[in-house]
1. Can you pull out the residues in region 92-120 that are out of contact with any helix residue (DSSP H, G or I) (no Cβ under 7 Å at 6 or more places or on another chain), surrounded by 12 or more Cβ atoms within 10 Å (Cβ to Cβ) and assigned to a loop (DSSP other than H, G, I, E, B)?
2. Taking into account only those residues within region 316-337 that are of a type in the set (G, A, S) and surrounded by 12 or more Cβ atoms within 10 Å (Cβ to Cβ), which is nearest to P147 (Cα to Cα)?
3. Go through region 73-91 and give me each residue that's outside any loop (DSSP other than H, G, I, E, B) and closer than 16 Å to Y58 by Cβ.
4. Which number in (1) surrounded by 13 or more Cβ atoms within 10 Å (Cβ to Cβ); (2) at pLDDT below 90; (3) among the hydrophobic types (A, V, I, L, M, F, W, C) marks the one condition that F266 misses?
5. Are there strands (runs of 3 or more DSSP E) fully within region 129-227 with at least 2 residues that are small (G, A, S) and open to solvent by less than 50 Å² (accessible area, probe 1.4 Å)? List them.
6. Restricting to region 69-91, what's the tally of residues that are of a type in the set (D, E, K, R), surrounded by 13 or more Cβ atoms within 10 Å (Cβ to Cβ) and more than 16 Å from F33 (Cα to Cα)?
7. So, in region 34-68, how many residues would count as being part of a strand (DSSP E or B) and of a type in the set (D, E)?
Amino acid sequence: MSEIGSEVKKSEKNASADPHPTEEKGRKAENVFVKYVYIPYISNIDTSAQTFSLRVDYDLFWRATDEDIKKWEGLGLDRSGYEPVGYKPRLVLQNASSMDKCDPVMQENGGMYTIQKVKELGNKQMNFVRMEVRATFIEAFNTDNFPFDTQQLVIPLCLSFQTADVRRFAPISPDGDIVYVLSEFNAIDEWKITSAHAKIYADSSNYPWCTTYIRVSRKPWNVVWKYFTLVSFLASGSLAGFSIKGRADRMGYLITLFLSIVAVQFSMNDSLPKSPRPSYADYIMVSGMTFTTALIVEAATFSENDMGELDDQRYWWIFGIIELLLHIFFVAWAILIRKRSCADNVRRRADCVTTTGKAKVFAEKLAPGDM
């Protein structure tokens, strides 16, 4: 059994243990079946603004009433004007800060709604709609491990004014994948999509949810070369101060390097959100400033010889070893962070992420006419 299938079954079990069971209400809840959650592209991930933007399509089925079927059959060949007589799903995306679009997609019949026989449900006649959502979502990104961080994009979908006693989400095929993310058309060069999965459940307030989770890993090399390498050169270059024997000249040289590291930190922080905790990058910057400060203190307190020069050149190797150990420590830390994030991604479904090579296959899967 696939992981997404097991997650859906677990979530259904949790929903049945809800404090407001439908049996106690004396009526059976209607299912809104989710066949596919299809994400053609992600247009932006901004950890500084703590937002992400994307398009997501939902393929939804729900029971066609006798009035719906009568209206559908009465339209004859031209069914472009069909709309269900009764219920039509109204979607709520709780963390959407701005919504560009949340509308049905035109179907093969030229209309927004169709009735189809669904083989997974015993060829029952079901209303069908594909809802297209284009929006910007709020997400509390954790940048403690920046730039080796892995983020999770969460899209919580709820039915407007509907509790799980009345209507609830359900997978149309519990053992199948419902989330598909195309990786080829995204405008997020800084990120790599690593996995995607969905969870269907009812929360403690008895509202139905279909929440989609997309995990992305940052590609760190731009930050590494732009900032970390520069800080490494500046901190290591401070060792050259031992060749300057005049106290004032050496301290001027070291203070210049210190201020350069501070400037690099300010530049890097522009891409990070406000956080109560320092990130991996902050620790690197602080280590560089601390190392340079130690050399400034050493130059300010070391005794001069009879010629008024600092005679401490024999101690440079001690600071050199300290700087080498700092480099080894931060490299090992970065490797550990990446291994942990990769191990977590393995536990998720990664085969839901595809490229344009399989786009046609998924387009055929998503086509409503194959029912």
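The values are calculated or read from the model by the stated rules, or taken from the named source; none is laboratory data. Please read these numbers as outputs of a predicted model, since none were measured by experiment. Every residue, glycine among them, receives a Cβ derived from its backbone with ideal geometry; neighbour counts consider all protein chains shown. What goes into the accessible areas is simple: the full protein's heavy atoms, side chains included, and nothing from ligands, DNA or RNA. Shrake-Rupley method; radii C 1.70, N 1.55, O 1.52, S 1.80 Å.
1. Selection gives Q94, N95, V105, M106, N109, G111, M112, Y113.
2. Among those residues, the one meeting the criterion is A334.
3. Listed by number, the list holds a single entry, L91.
4. (1)
5. 191-202
6. 3
7. Looking only at that region, the number is 3.
So that you can scan it fast, the table gives a plain yes or no per residue for (1) in contact with a Phe, Trp or Tyr (Cβ under 9 Å, 6 or more places away or on another chain); (2) modelled with pLDDT under 90:
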| residue | (1), (2) |
| --- | --- |
| G122 | no, yes |
| M126 | yes, no |
| L153 | yes, no |
| R167 | yes, no |
| I178 | yes, yes |
| I188 | yes, yes |
| W191 | no, no |
| H197 | yes, yes |
| I200 | yes, no |
